[in-house]
Amino acid sequence: MKAITTNSFYAWILAARPKTLTGAVIPVLIGSSLAFADGKFDIIPALLCVLFACGMQIAANFINDLYDYLKGSDRADRLGPERACAQGWITPIAMKRGIAGTLIFSCLMGCALLQQCWGRLPHGGWELILLGLLCVIFAFLYTTILSYQGWGDLLVLVFFGFIPVGGTYYVQAHIITADVWVASLICGLVIDTLLVVNNYRDREQDALSGKRTLIVRFGEPFGRYLYLGLGIAAALLSLWFVYNDKIEPLAFIWAPCVYLYLHVLTWRKMAAIRSGKKLNSILGETSRNMLFFGLLLSLAFIQ
C-alpha cells in the first residue's frame, strides 16, 4: 500500500470502511421495497433513512477504530484489515472530531426525517427521537463494553434488522406489520453472518484481548456452524412471504435459494480455511452474498 498522509482525505476514506456500508443500505432497501409492495413508498423519507444509516455506520466504524486502539486490541498480530488509528493514518484527536462530525450529520438527517413525518405518525414522531438516541448510545456501548461481553450478535439483529427495516417501513407506511417483523429478522440474520466471520477469524486474538464473543465462549465448531445456520434460517424464514403471497414461488427460487447456494459455497471455503488471514476472502464473499440477498429479495417484493 502506498504511503498515507496522516489525516488526509484518503486516510478518512479508509477509516470509514466504505465496504461496510452495504450493511447500512440493505435494511433500508428491504424496508422500502416492502413499503412499495404495500403501496406506501415515499422516496424522501427513504433517502433520509439511507443517509442516516450510512452516517451512523461510519460513526460506529470511527468509534470502533478509536476505542479498539485505546484499549490496545489492535495488536501487531491482527488478522483483519488495518485500522486507521493503529496505523497512524488518523490521530486520536482527529478521530474524535470525525466521530462528532458524523454523529452531527446523522442527527441532522434524523431531524429532517422527523420534520417529514411530524404529525403523520401515531405518536407524532417522538418515537423516532427515541430510536435515534438508542442508535447513538449503542454505537458507543457496542465497542466500549458490549462487544467484549458477547452481545454483538444480538445487537446486529436489533440495529441492523428490527430498527432499520422496521423504522424505514414505519416512516413511510406509518404502521408496523407482521411482514415487517419477519423481514427485519431475516435481514438481521443475514447481516450477522458478517460479524460471525469477523469473530471466527479473530477468535484467538479476541481471547487474548479479553473479548468474550460467542465464538470465544463456545469454540471454533460452534462459530463454523453458527455461520451456516444463520444463512439457512434466513432462507427458510423467507417462505413466510411465499405463504402470504408477498413473493411468487418462482421468486423464492431466484432470491433466497440463490443466496443460500452462495452462502453454503462460502461456508465450505470457510470450513476448509479454518484460520488465518485467508479468512479475509470469506469476509469479502459474505459481504457479496449479503448484498445479493438484499437486492434479490427487494426485487422479489416489488415485481
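Things to note:
- Considering segment 1-33, and only residues there that are in a helix (DSSP H, G or I) and of a type in the set (V, I, T), the residue that is farthest from F241 (Cα to Cα) turns out to be I13.
- Out of A207, A255, sole residue that is buried (at least 17 other Cβ atoms within 10 Å of the Cβ), part of a helix (DSSP H, G or I) and among the small types (G, A, S): A255
- Condition check for L237: under 30 Å from L48 (Cβ atoms) and at pLDDT 95 or above: yes
- I163, sole failed condition from (1) under 20 Å from T20 (Cβ atoms); (2) in a loop (DSSP other than H, G, I, E, B); (3) not small (G, A, S): (2)
- When E248 is tested against (1) modelled with pLDDT under 95; (2) surrounded by 18 or more Cβ atoms within 10 Å (Cβ to Cβ); (3) within 21 Å of L295 (Cα to Cα); (4) not β-branched (V, I, T), exactly one condition is not met: (2).
- Filter pass, I175 being assigned to a loop (DSSP other than H, G, I, E, B) and either under 30 Å from G31 (Cα atoms) or not acidic (D, E) (or both): yes
Every residue, every condition in (1) under 30 Å from D202 (Cα atoms); (2) in a loop (DSSP other than H, G, I, E, B), yes or no:
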{"residue": "A35", "(1), (2)": "no, no"}
{"residue": "C49", "(1), (2)": "no, no"}
{"residue": "Y67", "(1), (2)": "yes, no"}
{"residue": "W89", "(1), (2)": "yes, yes"}
{"residue": "I104", "(1), (2)": "no, no"}
{"residue": "L113", "(1), (2)": "no, no"}
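- From the options S275, S298, S281, residue that is out of contact with any Asp or Glu (no Cβ under 7 Å at 6 or more places or on another chain), of a type in the set (S, T, Y) and surrounded by 18 or more Cβ atoms within 10 Å (Cβ to Cβ): S298
- From the options L155, L108, L47, L51, residue that is hydrophobic (A, V, I, L, M, F, W, C), closer than 24 Å to T193 by Cα, free of Cβ contacts under 8 Å to residues at least 40 places away in the same chain and surrounded by fewer than 21 Cβ atoms within 10 Å (Cβ to Cβ): L155
- Residue in segment 182-193 that is surrounded by fewer than 22 Cβ atoms within 10 Å (Cβ to Cβ), modelled with pLDDT of 95 or more and not hydroxyl-bearing (S, T, Y) present: yes
- Selected residue (only one of G188, G210, G223, G229 is free of Cβ contacts under 8 Å to residues at least 24 places away in the same chain and not aromatic (F, W, Y)): G229
- Tally of residues being under 28 Å from D68 (Cβ atoms) and not in a helix (DSSP H, G or I) across segment 210-244: 5
- In segment 168-181, the residues that are over 16 Å from L47 (Cβ atoms) and modelled with pLDDT of 95 or more reach residues that are surrounded by 17 or more Cβ atoms within 10 Å (Cβ to Cβ) and among the aliphatic types (A, V, I, L, M) with C-beta atoms within less than 8 angstrom, at least six apart or across chains, in these pairs: D179/L34; V180/L34; V180/V165.
- Restricting segment 226-245 to residues that are within 24 Å of T177 (Cα to Cα) and among the hydroxyl-bearing types (S, T, Y), the residue that is surrounded by the most Cβ atoms within 10 Å (Cβ to Cβ): S238
The values are calculated or read from the model by the stated rules, or taken from the named source; none is laboratory data. Nothing here was measured: the structure is a model prediction, and the numbers come from that model. Glycine also receives a Cβ, built like all others from the backbone with ideal geometry; neighbour counts cover every protein chain displayed.
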